[in-house]
Amino acid sequence: MSNESPLGSRALVIDDDPSLQTLVGMLLGRVGIQITSAETAVEGIRLLNEEDFDIMILDLMLPDMDGLELLAALRQDDRFDNLPVLILSARVDPEAISKALESGADGYLTKPYLPHSLTQRVMSILSQGRKKTQPPTTG
């Protein structure tokens with residue numbers, strides 16, 4: 001569901017921190033991206049099965065499931081082949097970043113992040129769409 005412009009795009013944010021959900025919603029709302037939030041992996045999976053999204057922003061440390069497990073399950077489901085996933089996590093260790101990108105994430109941003117970095121990365125991923133052969137990017 002790649003768009004040439006982020007205006008009207010829909011993002012699913014799966015993060016257990018309501019203040020982060022609010023901040024991401026505010027930042028992406030400024031560039032015309034609509035946000036739906038989930039605090040758990042189970043809630044995120046339910047939303048993925050009920051609605052269409054253009055991008056998913058995923059935390060790795062969720063209360064009910066490791067974000068990498070959710071990412072792996074997502075990548076095994078053909079329905080979500082074209083759904084780009086941006087990891088937004090406090091985990092800064094190179095092993096976690098590498099594993100996320102190898103598991104099918106389309107980008108990785110560490111918390112805390114600069115607001116411009118988030119909007120720029122999301123807009124870039126939305127304009128490019130999911131490229132299964134793209135080289136991993138970090139930042």
*Those residues that are basic (Lys, Arg) and touching a helix residue (DSSP H, G or I) at 6+ places or on another chain (Cβ under 8 Å), I need them from the range 76-96; list them, please.*
ARG91
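This table checks each residue for (1) under 13 Å from ASP15 (Cα atoms); (2) touching a Lys or Arg at 6+ places or on another chain (Cβ under 8 Å); (3) free of Cβ contacts under 8 Å to residues at least 12 places away in the same chain.
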site: ILE33; (1), (2), (3): no, yes, no
site: ASP54; (1), (2), (3): no, yes, no
site: ASP59; (1), (2), (3): yes, no, no
site: ARG75; (1), (2), (3): no, no, no
site: GLN120; (1), (2), (3): no, no, yes
*Is it the case that some residue within the range 41-49 is under 14 Å from LEU118 (Cβ atoms), at pLDDT 95 or above, out of contact with any His (no Cβ under 7 Å at 6 or more places or on another chain) and of a type in the set (Gly, Ala, Ser)?*
no
*Count of residues meeting criterion [within 22 Å of PRO115 (Cβ to Cβ) and in contact (Cβ under 8 Å) with a residue 24 or more places away in the chain] in the range 1-22*: 15
*Among what's in the range 79-119 and is within 22 Å of THR22 (Cβ to Cβ) and of a type in the set (A, V, I, L, M), pick the residue that is modelled with the lowest pLDDT.*
LEU114
*Scan the range 5-64 for residues that are buried (at least 18 other Cβ atoms within 10 Å of the Cβ) and either of a type in the set (Asp, Glu) or on the phi > 0 side of the Ramachandran plot (or both) and jot them down.*
ASP15, GLU39, ASP54, ASP59
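The values are calculated or read from the model by the stated rules, or taken from the named source; none is laboratory data. Bear in mind that the values here come from a model prediction, so they are computed numbers and not experimental data. For neighbour counting, all protein chains shown are included, and Cβ atoms are generated from backbone atoms with ideal geometry for every residue, glycine included.
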